[in-house]
Amino acid sequence: MIDHERLKNFLIELIKIDSLSRREYDVAMRLKREIEDLGGSVFIDDAGEKVGGNVGNLIAKFPGNNAKAQPLLLSAHMDTVVPGEGIVPILDGDILRTNGKTVLGGDDKSGVAIICEVLRVIKDHRLPCGPVDVVFTICEEAGLIGAKCLDIAKLRARTGLVLDSDSVGFLFTKAPAANRMEFRVHGLEAHAGVCPERGINAIKVAAEGIAQMQLGRIDHETTANIGVVEGGMAVNIVPNQVILKGEARSHSSEKLKAQTEHMQRCLEEAAARYALELDGKHHQARVEAKIERDYDSMSVPESAPIVQLVHAAAKNLNLHVQTSATGGGCDANILNQKGLVVANLGTGMREIHTVNEWLDLKDLYLSAQMVLEIVKLNAEPTLVRGEG
């Protein structure tokens, strides 16, 4: 029943609407029109005001035609990463890709488009449907901050799906916690040509610290990265400060703590090696660390009703869905932290956060069919319990 042509065209339309984090207004207004046309009631919250954006999270409610069914949440995020302006989607058979200058934006407009198509099919064919809450968040790519600002008291649903991962056929029920880090390495400025010995090169200190860090894949549960380096004023000035921004993620809280401390310690040990005595005054390189928990881990048990619902829907379609762990964080981390039970279903996006991002439309259609079956099955709860 999924209209492949309609879904493809709507996805391409959404991709062409610029929606970097904190600048999602245009795509939110397009989705507001779509949802209202489908018969949903739309509310836009104040998350945009809280985070300095131009629009908030879009929250929609559909009554369905079986009020006895448990409300179901369907969620995806509206924002994209950079470079994500002026996207030119290119269709090559069933493969949708970019011209190599921007990301595609399938992360996560594939999830957004699937949700809208499923609701369109339900409306057009008058299919069984319980109450459905839809949340299209802002600023997911900026640290899940749209979801962090979401007031779940505005939702009826306490379980559901986020559509924001790659592999179709996988339901991600486990995701790591993450720490976000900012290190300011302080040195001492001096003229680089006249008296460099009177300076402490903060970039050199930082480089030595980074060189000692274990980064990348630490083990099967843990990763770490330094992703931003900012510093220096001119080539003829010994730099007195450099700013490093990074992260660590792990499914283990103990490993996350150890990795975070390791990264900070590497910089502090490097700084301790650099000191000067000038004109009777002691100058010591030093490190300021700002470490924040970006999000907590999530772990949805196999016995959770949403997991069983997905398995039952897959069985109805003669498909197999495997529960798995992911190394990425998404809005599901935050929603579970807020007391909901939410898993992350794949939509087929590939090589995300790169200009090589692509999407196989066959995967998109299959994911949409899965979501449709999940919504239908949720309207008949006895089937999920095995009583029908």
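The values are calculated or read from the model by the stated rules, or taken from the named source; none is laboratory data. In this text, all values refer to a predicted model and were calculated from it rather than measured experimentally. FYI the Cβ positions are ideal-geometry reconstructions off the backbone, even for glycines, and counts take in every protein chain you see. The area values use the complete protein model at the heavy-atom level, side chains included, leaving out ligands, DNA and RNA. Shrake-Rupley method; radii C 1.70, N 1.55, O 1.52, S 1.80 Å.
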Of (1) in a helix (DSSP H, G or I); (2) open to solvent by 10 Å² or more (accessible area, probe 1.4 Å); (3) touching a residue at least 60 places away in the same chain (Cβ under 8 Å); (4) within 14 Å of Ile59 (Cβ to Cβ), Ala147 satisfies every one except (2)
If you check Glu182, Glu208, which single one turns out to be over 30 Å from Gln308 (Cβ atoms) and in a strand (DSSP E or B)? Glu182
Pairs, first under 21 Å from Asp164 (Cβ atoms) and open to solvent by less than 40 Å² (accessible area, probe 1.4 Å) in segment 92-108, second aromatic (Phe, Trp, Tyr) and not in a loop (DSSP other than H, G, I, E, B), C-beta under 8 Å, six or more apart: Ile95/Trp358; Leu96/Trp358; Thr98/Trp358; Leu104/Trp358; Gly106/Trp358
Hey, among Thr354, Thr323, which residue is within 30 Å of Pro83 (Cβ to Cβ) and in contact (Cβ under 8 Å) with a residue 40 or more places away in the chain? Thr354
Counting just the residues of segment 73-92 that are of a type in the set (Gly, Ala, Ser) and part of a loop (DSSP other than H, G, I, E, B), which one comes out farthest from Ala147 (Cα to Cα)? Gly86
Name the pairs whose Cβ atoms lie under 9 Å apart, with the first residue in segment 176-197 and in contact (Cβ under 8 Å) with a residue 24 or more places away in the chain and surrounded by 18 or more Cβ atoms within 10 Å (Cβ to Cβ), the second part of a helix (DSSP H, G or I) and of a type in the set (Asp, Glu), and 6 or more positions between them or separate chains? Ala190/Glu197
